[in-house]
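Each remark here refers to the structure printed beneath this line.
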Amino acid sequence: MLGRDLCRLLAAGHVPVLPLTRHDLDLTDERAVGCALHRARPAVVVNCAAWTDVDAAESAEERALRVNGEAVRVLARACAATGARLLHVSTDYVFPGHAGPPYPEDAEPGPRTAYGRTKLAGERAVLAELPRAGTVVRTAWLYGPYGRNFVRTMAERAA
């Protein structure tokens with residue numbers, strides 16, 4: 001959902017984009033990721049890939065970590081090797097969820113779920129591998145015309 005909307009927005013702004021789906025590139029394959037970035041030589045990589053099934057991550061945390069943590073480290077290392085900046089999309093699930101006001105950027109993470117722990121691992125990988133060229137953006141929900149999103153979920157629950 002995020003990747004599709006982002007590509008459409010960038011194309012409308014005449015920004016060149018090379019969208020790669022999970023069928024085009026396995027982010028857990030270090031060699032394939034390195035080769036793809038070496039060939040494309042992007043200035044910026046936006047990581048829209050993630051294990052997003054919050055509930056399933058509880059019973060498959062190792063698999064979720066492979067996508068949300070280890071694959072992100074692979075991508076960050078490939079960006080470092082090619083000089084690309086990396087924008088990584090994360091989540092508010094990295095926090096414990098008990099704050100009243102919004103969390104400040106420097107709030108201490110404390111995930112209480114497997115999903116949150118795996119996403120925090122990805123954040124830490126980006127910042128460790130790309131201290132000057134990595135950016136983490138946290139969001140609570142994604143909204144858009146494609147895929148599962150907050151609006152559809154609430155409409156389904158209300159029905």
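Taking amide H atoms as placed 1.01 Å from N in the peptide plane, the amide H of VAL44 lies under 5 Å from those of ARG85, each 5 or more residues away in sequence or on another chain.
Across all Cα atoms of segment 72-159, the radius of gyration (one decimal) and Dmax (whole number) stand at 15.2, 50 Å. Inter-part distance, segment 38-72 to segment 89-159, computed on C-alpha centroids, equals 13 Å. Length, then width, then depth: along the principal axes, the Cα atoms of the chain run 46, 33, 30 Å. Across all directions of projection, what mean area in square nanometres is found for the Cα convex hull of segment 1-71? Reported value for the Cα convex hull: 5.3 nm².
Computed about its Cα centre, the charge dipole of the chain is approximately 440 debye, with only Lys, Arg, Asp and Glu carrying charge at their Cβ.
Put ASP5, ASP26 in order of accessible area, highest first, and with a 1.4 Å probe you get ASP26, ASP5.
For the chain, what is the calculated [θ] at 222 nm in deg cm²/dmol (nearest 500), taking -39500 (n - 2.57) for each run of four or more DSSP H residues and dividing by its residue count? Before the final figure, lay out each step's value.
On the way: 7 runs with 70 residues, N = 159.
Rounded to the nearest 500, the figure is -13000 deg cm²/dmol.
With each label modelled as a point 7 angstrom along the Cα→C-beta vector, the GLU105-ARG157 pair spans 3.0 nm. Placing +1 on the Cβ of every Lys and Arg and -1 on the Cβ of every Asp and Glu, with no other charges, gives segment 10-61 a dipole of roughly 540 debye about its Cα centre.
Applying Stokes-Einstein at 20 °C and 1.002 mPa s to the Kirkwood radius of segment 81-121, computed over alpha-carbon pairs, gives a translational diffusion coefficient of 185 µm² s⁻¹.
Given a 1.4 Å probe and heavy atoms of the protein chains only, how would you sort SER59, SER90, largest accessible area at the top? Could you put the intermediate results ahead of the total?
On the way: SER59 110, SER90 5 Å².
Per-residue accessible area, sorted high to low, gives SER59, SER90.
Against the criterion of solvent-accessible heavy-atom surface with a 1.4 angstrom probe, LEU130, LEU87 sort, most first, into LEU87, LEU130.
When nucleic acids and ligands are ignored and a 1.4 Å probe is applied, ASP24 ends up with an accessible area of around 90 Å². Between helix 2-12 and the chain there is an angle of about 50 degrees, using the helix long axis and the longest principal axis of the Cα atoms. Straightening the chain between ARG66 and ALA32 buys 10.7 nm, computed as 0.36 nm per residue apart minus the Cα-Cα spacing.
The values are calculated or read from the model by the stated rules, or taken from the named source; none is laboratory data. As the structure is a prediction and not an experimental result, all values here were calculated from the model. For neighbour counting, all protein chains shown are included, and Cβ atoms are generated from backbone atoms with ideal geometry for every residue, glycine included. Quick note on the areas: whole protein, heavy atoms, side chains included, nothing else; ligands and nucleic acids left out. Shrake-Rupley method; radii C 1.70, N 1.55, O 1.52, S 1.80 Å.
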